[in-house]
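The values are calculated or read from the model by the stated rules, or taken from the named source; none is laboratory data. What you see is a predicted model, and the numbers here were worked out from it, not measured in a lab. Note: ideal-geometry Cβ built from the backbone for every residue, glycine included; neighbour counts use all protein chains shown.
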Amino acid sequence: MTLRTRGTRLFVATTALAGLLAGPALAADQPTVEVLHWWTSGGEAAAARALKQDFEAHGGKWVDAPVAGGGGDAAMTVLRSRVLAGDPPGAVQLKGPAIANWAEEGVLADLDPVAKAENWNAKIPPVLQTVLKPEGDYVAVPVNIHRVNWLWVNPAVLAKVGAEVPKNWDEFNATADKLKAAGIVPIAHGGQPWQDATIFEAVVLGIGGADFYREAIVEGNEKALTSDTMVKVFDQMRKIRGYVDPNFSGREWNLSTAMVINGQAAMQIMGDWAKGEFSAAGKVPGKDYLCAEVPGNLAYSLNSDSFAMFKVKDKNAQAGQQLLAKLIMGDKFQEEFNLLKGSIPASTVVDLSKFDACAQKSKADLEATQKDNALVLSFAHKMALPGNVEGAIVDVVTQHFNSNMSSADAVKKLAEAVKLAKG
Ligand code: BGC
């Protein structure tokens with residue numbers, strides 16, 4: 001054996017030994033994150049996969065913890081029990097005042113170092129910054145901006161009754177009446193409290209406008225809550241109740257979107273995560289379906305998903321959190337994720353040239369409503385109110401939707417419930 005071969009052998013042997021020693025150590029030193037989220041529909045899962053793949057491509061280990069249930073109520077229940085058990089997931093889909101609540105509990109990790117290094121202040125719109133740094137430091141990172149008050153339309157179905165996208169509530173009701181008379185389901189809806197609340201929010205904005213929404217819903221002003229405008233809102237909710245099919249109760253939102261996609265129903269009032277379903281089904285906006293604003297006043301109800309990182313002790317889990325936070329605000333991720341999710345990027349520096357007409361409209365309306373002071377945070381999607389006040393409103397809306405309660409009784413109940421919740 002020559003010296004050279006011996007040397008090579010020795011090298012191979014030492015590397016193998018080092019490999020044996022370093023192998024497990026390397027594996028153990030992998031940034032790891034357990035992600036609790038509620039993205040389980042077709043479009044949502046595709047978007048979540050994009051995040052997972054980006055994380056894995058950067059050497060991370062992703063532990064998926066999905067909790068099914070649109071709107072996230074079930075996921076929040078799981079989160080509470082995990083935190084109480086002293087075993088919080090590393091990253092959690094969280095938003096609105098819940099971020100501030102968990103921050104107050106002292107259980108959220110500080111994301112300020114990565115925020116500073118990545119210059120988040122220059123990329124995140126001020127309306128979101130307030131939510132993401134409730135005590136001055138970033139404790140959550142935003143993935144998107146969803147608009148809630150959209151009307152999704154199947155134009156071929158409307159054409160069957162010679163109708164076009166309704167521009168005001170009279171047209172909306174007249175079109176829905178025609179559809180119903182023709183044996184077509186006018187509104188695809190799933191009877192779950194958060195979905196009822198999603199429609200209610202859109203109707204409050206459409207009929208009352210952004211200032212009314214702020215007064216009645218955000219401030220809980222009794223006069224506004226019992227006003228004629230709110231009576232009209234409940235009148236319209238009653239009309240809409242008459243436009244849903246008999247099997248609406250308990251249906252998941254994405255199955256309602258599928259009804260519009262398949263032509264079983266004409267329209268759906270839902271946030272633009274519905275667009276993720278149209279995209280996943282290969283449908284093209286402007287051709288197979290239309291995205292329009294809900295009739296009435298122009299307003300933008302904003303809902304933004306973000307991830308908060310819960311304090312964890314494990315070094316790899318901490319490294320995973322920092323890596324995930326950094327990737328989420330990256331231009332590549334913000335583009336890829338939002339193309340699939342139906343939303344627009346939360347980062348203002350991302351170019352929208354690959355996005356469709358609905359996303360362009362979302363961005364344009366966001367800017368226009370910001371100027372006109374008609375941009376509001378969605379209460380139905382946990383952005384605007386403390387949980388108990390939100391719950392009080394949602395309960396009344398759902399009770400009204402599922403009974404024969406009059407609008408006059410509904411506004412009275414609403415005002416009482418809000419007053420009680422606010423204490
Ligand atoms: C979330 C969306 C999600 C939708 C339906 C909303 O509250 O912000 O990301 O797609 O609920 O689950």
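Could you please tell me which pairs satisfy a Cβ distance under 6 Å, a separation of 6+ or placement on different chains, a first residue in region 325-345 that is under 25 Å from residue 310 (Cβ atoms) and among the aliphatic types (A, V, I, L, M), and a second residue that is modelled with pLDDT of 95 or more and within 11 Å of the ligand (Cβ to nearest atom)?
Here the result reads 328/143, each pair linking region 325-345 to a residue that is modelled with pLDDT of 95 or more and within 11 Å of the ligand (Cβ to nearest atom).
Condition (residue is β-branched (Val, Ile, Thr), touching a Gly at 6+ places or on another chain (Cβ under 9 Å), under 20 Å from residue 303 (Cα atoms) and at pLDDT 95 or above) applied to region 21-33: is it met by at least one residue?
no
In region 64-100, how many are part of a helix (DSSP H, G or I) and among the charged types (D, E, K, R)?
The qualifying residues number 3.
Filter region 52-78 down to the residues that are farther than 22 Å from residue 148 by Cβ, of a type outside the set (Gly, Ala, Ser) and touching a residue at least 40 places away in the same chain (Cβ under 8 Å) and list them by number.
Selection gives 54, 55, 58, 61, 78.
All but one of (1) in contact with a strand residue (DSSP E or B) (Cβ under 7 Å, 6 or more places away or on another chain); (2) within 26 Å of residue 373 (Cβ to Cβ) hold for residue 169; which doesn't?
All conditions are met except number (1).
When you go through (1) under 18 Å from residue 166 (Cβ atoms); (2) within 16 Å of the ligand (Cβ to nearest atom); (3) polar (S, T, N, Q) one by one for residue 236, which number turns out not to apply?
The number of the failed condition is (2).
Mind counting the residues in region 176-193 that are assigned to a helix (DSSP H, G or I) and among the hydrophobic types (A, V, I, L, M, F, W, C)?
Total satisfying the criteria: 3.
Looking at 224, 197, 182 in this structure, which one is under 30 Å from residue 44 (Cβ atoms) and either touching a Cys at 6+ places or on another chain (Cβ under 6 Å) or not aromatic (Phe, Trp, Tyr) (or both)?
Exactly one of 224, 197, 182 is under 30 Å from residue 44 (Cβ atoms) and either touching a Cys at 6+ places or on another chain (Cβ under 6 Å) or not aromatic (Phe, Trp, Tyr) (or both), namely 197.
If I ask for residues that are buried (at least 18 other Cβ atoms within 10 Å of the Cβ), under 19 Å from residue 342 (Cβ atoms) and either aromatic (Phe, Trp, Tyr) or within 12 Å of the ligand (Cβ to nearest atom) (or both), which ones from region 52-72 would you list?
Within region 52-72, 70, 71, 72 qualify.
Would you check which residues across region 371-388 are in contact (Cβ under 8 Å) with a residue 40 or more places away in the chain and surrounded by fewer than 22 Cβ atoms within 10 Å (Cβ to Cβ) and list them?
372, 373, 374, 375, 386, 387
Surrounded by fewer than 24 Cβ atoms within 10 Å (Cβ to Cβ), touching an Asp or Glu at 6+ places or on another chain (Cβ under 9 Å), in contact (Cβ under 8 Å) with a residue 60 or more places away in the chain and not in a loop (DSSP other than H, G, I, E, B) - does that describe any residue in region 262-274?
no
Hey, does region 300-309 have a residue that's crowded, with 24+ Cβ neighbours inside 10 Å, farther than 25 Å from residue 122 by Cα and aromatic (Phe, Trp, Tyr)?
No.
So which residues in region 284-293 are buried (at least 20 other Cβ atoms within 10 Å of the Cβ) and over 20 Å from residue 371 (Cβ atoms)?
289, 291
Listed here are the residues, each with its yes/no results for (1) without any contact (Cβ under 8 Å) to a residue 24 or more places away in the chain; (2) surrounded by 15 or more Cβ atoms within 10 Å (Cβ to Cβ); (3) more than 16 Å from the ligand (Cβ to nearest atom); (4) of a type outside the set (Gly, Ala, Ser).
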site: 111; (1), (2), (3), (4): no, yes, yes, yes
site: 128; (1), (2), (3), (4): no, yes, no, yes
site: 162; (1), (2), (3), (4): yes, no, yes, no
site: 170; (1), (2), (3), (4): yes, no, yes, yes
site: 182; (1), (2), (3), (4): yes, no, yes, no
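Hey, among 335, 277, which residue is within 16 Å of the ligand (Cβ to nearest atom) and either within 18 Å of the chain's Cα centre (by Cα) or not in a loop (DSSP other than H, G, I, E, B) (or both)?
Checking each option against the conditions leaves just 277.
Given the criteria of a type in the set (S, T, N, Q), surrounded by fewer than 24 Cβ atoms within 10 Å (Cβ to Cβ) and more than 18 Å from the chain's Cα centre (by Cα), does residue 154 qualify?
no
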